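Novice: Structure below; questions to follow.
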Amino acid sequence: MNKRGSPYLRKALFSAALVASNCDPVFKAFYQKKRSEDKHHLSAIGAVARKLCYTIYAIWVTTYIFDIWGELPFCLLKS
């Protein structure tokens with residue numbers, strides 16, 4: 001991760017990635033995959049932060065609701 005852009009946003013994204021890599025099953029599996037590829041902890045967290053950023057953007061531009069547990073129908077749209 002480079003030092004361009006807002007340091008506050010970078011810290012918030014890094015903190016969110018740290019929590020997501022411990023609590024969210026999708027991001028936890030992605031973190032474990034990166035660690036099994038012999039990536040350093042901070043490098044793996046950076047990869048989770050990048051994936052989290054892509055996920056946030058995809059939710060923002062589409063009309064689908066993010067449902068990690070699969071309880072909602074797939075075609076449910078935001079109103």
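The values are calculated or read from the model by the stated rules, or taken from the named source; none is laboratory data. It should be emphasised that the depicted structure is a prediction, and the values quoted were computed from it without experimental measurement. Heavy atoms of the whole protein, side chains included, go into the accessibility calculation; ligands, DNA and RNA do not. Shrake-Rupley method; radii C 1.70, N 1.55, O 1.52, S 1.80 Å.
Novice: Given a 1.4 Å probe and heavy atoms of the protein chains only, how would you sort 54, 8, largest accessible area at the top?
Specialist: Of 54, 8, the descending order of accessible area is 8, 54.
Novice: Follow-up question, since we're still on this one. Lysines near residue 3 by alpha-carbon distance under 30 Å, same-chain residues fewer than 8 away left out - which ones?
Specialist: 11, 28, 33, 34, 39, 51
Novice: Across every pair of different alpha-carbon atoms, what Kirkwood hydrodynamic radius in Å does region 16-67 reach?
Specialist: Details: mean 1/r = 0.0888 Å⁻¹.
Taking the inverse mean of 1/r over all distinct Cα pairs, region 16-67 comes out at 11.3 Å.
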